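What follows is one structure encoded as structure tokens, with my remarks underneath.
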Amino acid sequence: MKNAEIIIIGGGVVGASIAYHLTEKDVKDVLILERETRQGEGSTGKATGGIRTQFETEINIKMSLYSIDFFKNWGFDCGYEPRGYLFFTTDEKQFDYLKRNVERQKSFGVKDIEIVDAKTISEIVEGLNCEDIVGGSFGGRDGFINPLSVMEGFTKKALENGARVEFETQVFSIKTKGGKVKSVETNRGKIECETVVICAGAWAREIAKTAGVNLPVEPLKRQIVWAKSAADLPENLPMVIDLGSGFHFRPAKDFKREILFAYPDKDEKPSFDTNFDESFIAKVYEKAKHRVPFLYETEVVREKCRAGLYENTPDHHAILGGCNVGGLYFANGFSGHGVMHSPATGRTLAEIILDGKASFLDVSMLDLARFKENRLLHETAFI
Ligand SMILES: Cc1cc2nc3c(=O)[nH]c(=O)nc-3n(C[C@H](O)[C@H](O)[C@H](O)COP(=O)(O)OP(=O)(O)OC[C@H]3O[C@@H](n4cnc5c(N)ncnc54)[C@H](O)[C@@H]3O)c2cc1C
């Protein structure tokens, strides 16, 4: 029978980051189990690649600050590009919220962040219809990363440090004895271990259940339309987000005329469906019509449109850490922010597993127990 010191279930960006951070702390016997034939087939390969510090909660802001510095200084090209994030709103109350949040973000050390008026917004995004916009906020260090490059970078370095990855290995269940992890059952047999980290993204809940743990992570389809413009797009477009509707767009990296746009479709019900739904195209173009005429005139690149899964928790914050089963840990429920927070997450889990708690950042509020103990967090900037 095979064994490993630490098993990581799921080889997406989160599993890869945890493997990297563990091996950097000299744990060599780390085994990633991935059910697909290659990495990136889960949500990581579907992500837009946005990264921002513009959040409401202290923990989200601090995880982003840490992660942006990491991406900037990492010796691996993950495509970090500080093009900025522009939030705008047509509602005075939401504008007040943005103003409060910018002050909050500054107080936690966010730089290059400012409140902008409609005129400035029209200069940042040439061609945006600003007639009903009351204002917004712009974060200059926010921007883009390449999700697959981040995942590959973490994996490459983890493997160089001694970690292993096994593909086409699906974990069916986690076996426990006396309240502690003993092994995992897979399609390739049993693997003994005393430590398991569930990094199975939107699919985590079912695996946790086999160890008797209720992990409140729910899959929700999110779709992106990819389109091509006949003319060059305005230069230096940032990520642009309507705070009210969640409608957003960003230029596709390395393309002068290609752009991605989307919005959170309220008609979507929790499911594991990842088929791109053609009817979404008309819905998203309808949103673009009033707001962004140059987007409305683009042509859809159907083969690049995609659907993936958000892994939502009831308070839209991640679940990081252990539980009442000895040796069982989670890094789940990122609710759409798992790529940008992957550096902070990897370090957090490595420190919790090896030292009992994360010392570089207080992540105690992201524990699983908060759902039972009614300590839910609140994030308004959940898109
Ligand atoms: C359309 C879209 C846009 C997004 N945009 C952004 C963005 O701009 N910025 C951002 O930070 N995040 C974004 N996200 C969210 C981000 O993609 C996720 O939070 C992140 O990829 C989660 O990484 P993960 O490694 O936890 O999960 P995944 O990448 O889903 O990896 C989980 C892995 O576990 C494997 N697995 C599952 N079950 C088992 C099993 N039983 N046995 C073995 N293997 C198993 C899967 O095959 C998969 O490879 C977006 C998501 C979507 C869908």
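Building the convex hull from the alpha-carbon atoms of segment 281-328 and averaging its projection over directions returns 6.4 nm².
The ellipsoid equivalent to the alpha-carbon distribution of the chain has semi-axes of 36, 22, 19 angstrom, derived from the gyration tensor eigenvalues as √(5λ) and listed largest first. Take every DSSP beta bridge whose two residues both sit in the chain; close to 70 percent of them are antiparallel. For segment 178-258, the Kirkwood estimate of the hydrodynamic radius, built from every pair of different alpha carbons, is 17.3 Å.
Where only DSSP H runs of four or more residues are counted, the chain gives -8000 deg cm²/dmol as its mean residue ellipticity at 222 nm, each run worth -39500 (n - 2.57).
The residue among Ala19, Thr186, Ala262 whose Cα reaches farthest toward the positive pole of the charge dipole of the chain, with charges on the beta-carbon of Lys, Arg, Asp and Glu, is Thr186. Potential lengthening of the chain between Ala230 and Phe272 amounts to 11.6 nm, from the contour at 0.36 nm per residue minus the alpha-carbon distance. Extension gain for Asn187 to Lys209 (0.36 nm times residue separation, less C-alpha to C-alpha distance): 6.1 nm. With the simple spin-label model, which puts each label point 7 Å out from Cα in the Cβ direction, the Asp117 to Asp355 separation comes to 4.8 nm. Any chance you could tell me what percent of the C-alpha pair distances in segment 218-312 go past 19 Å? Cα-Cα pairs in segment 218-312 separated by more than 19 Å: 39 percent. Per residue, the average separation of C-alpha pairs within less than 8 Å and at least 6 apart gives segment 37-190 a relative contact order of 28 percent. Under the combined filter of DSSP loop state and at most 15 neighbouring Cβ atoms within 10 Å, segment 146-187 retains these chymotrypsin sites (Phe, Trp or Tyr not before Pro): Phe167.
Stokes-Einstein diffusion of segment 225-383 at 25 °C, 0.890 mPa s viscosity, Kirkwood radius from Cα pairs, rounded to a whole number: 135 µm²/s.
Tell me the trypsin sites (Lys or Arg not before Pro) within segment 67-172 that lie in a loop according to DSSP and have at most 16 other beta-carbon atoms within 10 Å.
Those satisfying the criteria are Lys111.
Against the main long axis of the alpha-carbon atoms of the chain, helix 147-160 sits at an angle near 30°. Considering only Lys269, Lys182, Lys28, the mean-square fluctuation computed in a Gaussian network model of the chain, springs between alpha carbons under 10 angstrom, is largest for Lys269. Taking the alpha carbon gyration tensor of segment 39-111, multiplying each eigenvalue by 5 and rooting it gives semi-axes of 26, 16, 11 Å, largest first.
Normalised radius of gyration (Cα atoms, divided by 2.2 N^0.38 Å) for segment 1-151: 1.30. When the charge dipole of segment 1-133 is built from unit charges on Cβ atoms (+1 for Lys and Arg, -1 for Asp and Glu) and taken about the Cα centre, the candidate among Val125, Gly45, Phe95 whose Cα reaches farthest toward its positive end is Gly45.
A simple spin-label model places the labels of Asp69 and Ser279 4.8 nm from each other, with each point 7 Å out along Cα-to-Cβ.
The long axis of helix 92-107 is offset from the longest Cα principal axis of the chain by roughly 50 degrees. In a DSSP loop and with at most 14 other Cβ atoms within 10 Å, the GluC sites (Glu not before Pro) in segment 211-286 are Glu235, Glu278. The H on the amide N of Gly135, modeled in the peptide plane, is under 5 Å from the matching H of Thr89, each at least 5 residues off or on a different chain.
Where Lys and Arg each count +1 and Asp and Glu each count -1, what net charge lies around Ser335 among other residues with Cβ under 11 Å from its Cβ? Let's see the in-between values first.
Working: positive: Arg222; negative: Glu218, Glu311, Asp315, Glu379.
Counting the neighbours of Ser335, the net charge comes to -3.
Read-outs: derived from the displayed coordinates by stated rules, not from any lab. Every value quoted in this text rests on a predicted model; they were computed, and no experiment measured them. Here Cβ is always computed from backbone atoms with ideal geometry, including for glycine, and neighbour counts include all displayed protein chains.
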